[in-house]
Amino acid sequence: MKAKKKIFISAVILMSIFSGCTVLSFYPLYTDDVLIRNDKIIGMWETYEGFGNSQTLVWEILFNDKKWIKKHNVPFDRGSREEPNNFAYSLFLYYAANPEKKTEFQLHLVELDGKTYIDFFPEQWESDNTILGFHLMGVHTFAKVDIENDSIVINWFDTEWFANKLESNKIRIKHEKNSANILLTAQPKELQKFVSKYSNDEEAFDADFQFILKPQK
C-alpha cells in the first residue's frame, strides 16, 4: 500500500474548505436529462474565503469530458440508445498564497425550471495518513448559481433552515442524521424536486455563505 494516496474528501474536510455549512447529499443532483454545458465558467477566478479569513481563494475551472456520470451512482436508462452526457468540469481550488496544495472537485451544471445549479463532488485530495483515508468518503453539495461574463455567484442552501424545516416536518425527504451532520439520501429526481420547490425562497439560501467569483487579475 502506498504511503501517499489520493482519496475522496469527507464531509468534514469538504466543509472546512468552504468554511461554512450547507446541505450534504450522498447522491448527486444531476441526471442526464437536466445536465447543461456553459463554458462561461471556464477560467481562473478568485474570491475571498470569508468568515474572518482574508486569504484569496483561487478557483481554476477546466472542461473535462472524461468524467463518467455512472461513476458517481447516477441512474440512467440502460435501455436507451443514447449515451449519457458524460462531460463534467474540473475545479482546482487553492489559496493564492499556497498554489501547490490543490483540491480537485468535479462540477456538473444542472438546469431546473429555468434556473441553474452546480453540483460539487470531491475528486481527489492527498493525505499521508492511510488510516485517515479508510474513514473518508465523498459527498455532494449543490448550490444555485448565476453565471455572467464577469462573475459567478454561488448560493448554497442554508443548513440551519434545512434542519428546522426537517424538525417541523415541513420538508419530508430521505435523510440520515447524527449529532454532527444531516446527510440527504434521496435519489437525484427527488433532490431535483426539493431544489425546484425552494428555488425562489430567499430563506432557503445562506446569505452569509455566498461566493462571488471574479476573473483573476
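The values are calculated or read from the model by the stated rules, or taken from the named source; none is laboratory data. All values derive from a computational prediction rather than experimental measurement. Don't worry about glycine lacking a Cβ; one is built from the backbone with ideal geometry, like all the others, and counts go over all protein chains shown.
Of the residues LEU136, LEU132, only one is out of contact with any Cys (no Cβ under 7 Å at 6 or more places or on another chain), at pLDDT below 90 and not in a helix (DSSP H, G or I); which?
Going through LEU136, LEU132 in turn, just one is out of contact with any Cys (no Cβ under 7 Å at 6 or more places or on another chain), at pLDDT below 90 and not in a helix (DSSP H, G or I): LEU136.
Kindly evaluate PRO188 against the criterion of being touching a Pro at 6+ places or on another chain (Cβ under 7 Å), touching a residue at least 60 places away in the same chain (Cβ under 8 Å), of a type outside the set (D, E, K, R) and at negative phi.
Yes; evaluated as a whole, the condition is true for this residue.
Quick check: anything in the stretch 142-164 at pLDDT below 95, farther than 30 Å from LEU213 by Cα and not in a strand (DSSP E or B)?
No: zero hits.
Can you find even one residue in the stretch 77-100 that is part of a loop (DSSP other than H, G, I, E, B), at pLDDT below 85, in contact with a Leu (Cβ under 7 Å, 6 or more places away or on another chain) and surrounded by 13 or more Cβ atoms within 10 Å (Cβ to Cβ)?
Checked against the condition, which is being part of a loop (DSSP other than H, G, I, E, B), at pLDDT below 85, in contact with a Leu (Cβ under 7 Å, 6 or more places away or on another chain) and surrounded by 13 or more Cβ atoms within 10 Å (Cβ to Cβ), the stretch 77-100 yields at least one hit.
If you go through the stretch 174-182 one residue at a time, do you hit one that is among the aliphatic types (A, V, I, L, M), buried (at least 20 other Cβ atoms within 10 Å of the Cβ) and in a strand (DSSP E or B)?
Checking the stretch 174-182: not a single residue is among the aliphatic types (A, V, I, L, M), buried (at least 20 other Cβ atoms within 10 Å of the Cβ) and in a strand (DSSP E or B).
Residue by residue through the stretch 165-194, note down the ones that are at pLDDT 90 or above, under 30 Å from GLU46 (Cα atoms) and touching a strand residue (DSSP E or B) at 6+ places or on another chain (Cβ under 6 Å).
Correct list: LEU183, LEU184, GLN192.
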